[in-house]
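Please treat every number below as a calculation from the coordinates, not as lab data. Here the structure is a predicted model, which is why all the values come from computation and not from measurement. Ideal geometry is used to build each Cβ from the backbone, glycine not excepted, and the neighbour counts take in all protein chains shown.
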Amino acid sequence: MMAEMHPLHAPWRMEYIRALESGEAGKPGECFICLANAADSLQQSKDRLVLWTSQHSIVLMNKFPYTNGHLLIAPRAHKAELEELSADELLDLQSQTVEAMRVLRRAMSPQGFNIGINLGRCAGAGLPGHLHQHIVPRWNGDVNFMSVVGEVRIVPQALSVLYHELLRAR
Ligand SMILES: [Zn+2]
C-alpha cells in the first residue's frame with residue numbers, strides 16, 4: 001500500500017505567524033540568523049539555538065519548528081538570494097545540509113526529509129533578507145505524533161533537550 005503524504009500541522013507556529021504579522025521578524029538589524037552568527041559564548045550559542053558554524057555557513061534549530069528536528073542552514077553572510085552566494089558559499093551550504101542530515105539520522109532516525117529554500121515573502125520566506133535552507137526530518141505517520149502531543153508548551157522544552165542531543169550526535 002502506498003504511504004500517504006500528510007501536510008504537517010504545527011499549532012505552535014501561530015506565535016511565529018503573529019510575530020511576522022506584527023513586523024517583529026525579519027527587520028534589518030534584527031535578523032535572527034545574523035544574531036545567531038554573532039553568538040560569542042557557549043551560552044549565547046545555546047540561547048540562539050546554534051548547533052555549529054563552518055567557514056561560510058551556520059546551522060541552527062528552528063525556534064518555530066514544523067516538527068522536532070527542524071533545522072536551518074544559512075550562509076553566515078546576510079544575503080537574500082542564491083545568486084549572491086559565491087561558489088564556496090554555495091558548496092558549503094550544501095555540505096552543511098548533508099552534515100545536518102547525518103546528525104539528524106544519528107540522533108533521531110528519521111525515515112525521510114523535506115529540504116528546501118523559500119525565496120521571497122510571496123514564496124513563504126519568514127525572513128526574506130537572509131536566505132536559509134530548511135531541513136525537516138520526517139517519519140512514517142509523523143502527522144499523528146505532534147497532533148497527539150502537540151501542545152504549544154512542550155516545544156520550548158523539547159527544543160532545549162533536542163539541542164543537546166543533536167550536539168552529542170555530531
Ligand atoms: Zn542576516
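Odds and ends about this structure:
- Note on N114 and M101: the extension gain reaches 3.6 nm, defined as 0.36 nm multiplied by sequence separation minus the Cα-Cα distance.
- Peptide ranges 126-134, 75-83 listed from the most packed, as the mean C-beta count within 10 angstrom indicates: 126-134, 75-83
- Pairwise centroid distance, computed over Cα atoms, of the stretch 80-126 with the stretch 47-68, Å: 11 Å
- Sequence ranges 96-103, 59-66, ranked by mean other-Cβ count within 10 angstrom, highest first: 59-66, 96-103
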